[in-house]
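Following: one structure in structure tokens, then a few remarks.
Every number in this text was worked out from the coordinates using simple rules, so none of it is lab data. For clarity, every value in this text was computed on a predicted model and none was experimentally measured. Cβ sites come from the backbone with ideal geometry, for glycine too, and all protein chains shown count toward neighbours.
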Amino acid sequence: MGDKVPRKLRCWLACEDLEQENLFRPILQEMFGKHRIRVLPRKPNGGVAFVLQQVEKCYQFVRQRPQESVGALIVVDGDEVGLEGRLAEIAAKSGAKGGNFDERVAKCIPSRTVETSEMWLCGERDLNETTEYKDAFRREVQRGRMSSGKAVLAWFTSRSAHDVALEKALLPALAHGRKELGRLEKFAKG
């Protein structure tokens, strides 16, 4: 981190809660610049319903600025429906009316929750996408072994081919999220 030159992309972030924001805002800031990220305001409890209500707004933001370098990141936990279920819900809410705006809207679906991704990024490998890890992550944070900040640093750490394959096999939603953000970054480079 720090040695990359941020791209000039303005990006909206729609997320459920503070924990998701604590992971994804710094990732976007590192990729595109600290003052170029706008987190859509949410209610204190946020939630899936809030993010799904913001989907069409995110697509409109991008659609209305075809000549500008803008994008959006939609983050919503997979919960019980998982990666594919949430992607279908987002597609239904996107209001797609032609044009190739999907390349400018990234979708990260931490499954089961964002804490699963954070634990993985902090080095825990005995994980799956169906178990709830919120309490386990909080305990590790209290012990000082894990944090959102450590997870952000790990996001940008180079990985071996073995680690990439293991992540794809055990946490396909995290691998998908990395691919989505990579696609958004590629768009920003032009």
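When each of the peptides 114-127, 22-35 is scored by the mean number of other C-beta atoms lying within 10 Å of its residues, the order from highest to lowest reads 114-127, 22-35. Of the listed pairs LYS134/LYS179; LYS34/LYS134; LYS107/LYS186; LYS8/LYS150; LYS43/LYS168; LYS168/LYS189, which have alpha-carbon separations greater than 21 Å here? Beyond 21 Å: LYS134/LYS179; LYS34/LYS134; LYS8/LYS150; LYS43/LYS168; LYS168/LYS189.
Which of the peptides 172-180, 139-147 is most tightly packed, and how do the rest follow, judged by the mean count of other Cβ atoms within 10 Å per residue?
Numbers: 172-180: 19.3, 139-147: 13.8.
By packing density, highest mean first, the sequence is 172-180, 139-147.
With charges set only on the Cβ (+1 for Lys and Arg, -1 for Asp and Glu), what does the dipole of the chain come to about its Cα centre, in debye to the nearest 20?
On the way: 33 positive and 27 negative charges, 203 e Å.
Its charge dipole is roughly 980 debye.
Can you give the direction-averaged projected area of the convex hull of the alpha-carbon atoms in the chain, in nm²? Could the numbers behind the result be given before it?
Values: hull surface 42.8 nm².
For the Cα atoms of the chain, the hull's average projected area reads 10.7 nm².
With springs only between Cα atoms under 10 Å, which of GLU21, GLU89, GLU167 fluctuates most in a Gaussian network model of the chain? Highest fluctuation among the options: GLU89. Calculated [222 nm] ellipticity per residue, helices only, for the chain: -16000 deg cm²/dmol; basis is -39500 (n - 2.57) per DSSP H run with n ≥ 4, divided by all residues, nearest 500.
Charge dipole (Cα centre; +1 on Lys/Arg Cβ, -1 on Asp/Glu Cβ; no other charges) of segment 85-190 amounts to roughly 300 debye.
The residue list LEU181, SER117, MET146 was ranked by how far each Cα lies along the charge dipole of segment 117-190 toward its positive end, using unit charges on Cβ atoms, and LEU181 comes out on top. As a length-normalised measure over Cα pairs under 8 Å and 6 or more apart, the relative contact order of the chain settles at 23 percent.
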